Amino acid sequence: MAGAKVEKVGKSKGGLLTYIIVALVAIVVVFGAGVGGFFVNKMLIKSKPVTIIKTVTAPPADSTTGTKPVVSAKTLALDPFLVNLTDPGTKRYLKIQIILGYQNVKLDTELPTKTPILRDSILTVLRSKSSSDFTTLGIEGLKKQLKDVLNPFLTSAKLNNIYLNDILVQ
């Protein structure tokens, strides 16, 4: 053992190069995953056509009789509705916000207690519609139908108008 040489092991310059290579590989992998995810997302998810319908909140004045539209003194905005439409062969959706218009102060206390019943009735009506029902004439018919369906549930007074906001058919 007297003749054995002991070599001193020092830091090699290859250690810094290894860290640089590992960092570059990590950056390339993260960048590649981001670009690949973007293209896979674009290829697999087909864009659906979106139809936005803007409506007038109050019906226009009747030109034959000259009557003015009914404008409600009080309103109650319901949470937005998101329902499937009954279009055959395609999946179409409707997102709509409905606002109930009334004059009588008694409905201030009655409407909040009957909101679940009213929402259920509204959902039933909306689920029976197809995307072709959302024309200007169809929307006026929907307002009338909703009033006719909701008013029997109210005991202290009746709704005098239905306002539709944010109609989105997709």
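Treat the count of other C-beta atoms within 10 Å as a stand-in for reagent exposure and order Leu78, Leu111 from fewest to most.
Leu78, Leu111
How would region 82-123 be classified by its alpha-carbon gyration tensor: rounded, prolate or oblate, with rounded meaning a/c under 1.5 and the a/b versus b/c comparison settling the rest?
Verdict is prolate for region 82-123.
Show me, for region 99-115, the HN-Hα J-couplings you get by feeding each phi into the Karplus relation (A = 6.51, B = -1.76, C = 1.60, θ = phi - 60°), rounded to Hz, glycine and proline as x.
Running phi through 6.51 cos²θ - 1.76 cosθ + 1.60 with θ = phi - 60° gives 10, 8, x, 8, 10, 6, 5, 4, 6, 4, 9, 6, 4, x, 6, 9, 4 Hz.
A 23 angstrom limit on the alpha carbon distance is what I want to check against. Which of Lys91/Lys144; Lys91/Lys114; Lys74/Lys143; Lys106/Lys129; Lys106/Lys147; Lys95/Lys144 exceed it?
Violating the 23 Å Cα-Cα cut-off are Lys91/Lys144; Lys91/Lys114; Lys106/Lys129.
Throughout, read-outs are computed from the coordinates displayed, never taken from laboratory work. Keep in mind that what you see is a predicted model, and the values were worked out from it rather than measured. Counting neighbours? That spans all protein chains shown, and the Cβs are built from the backbone with ideal geometry, glycine included.
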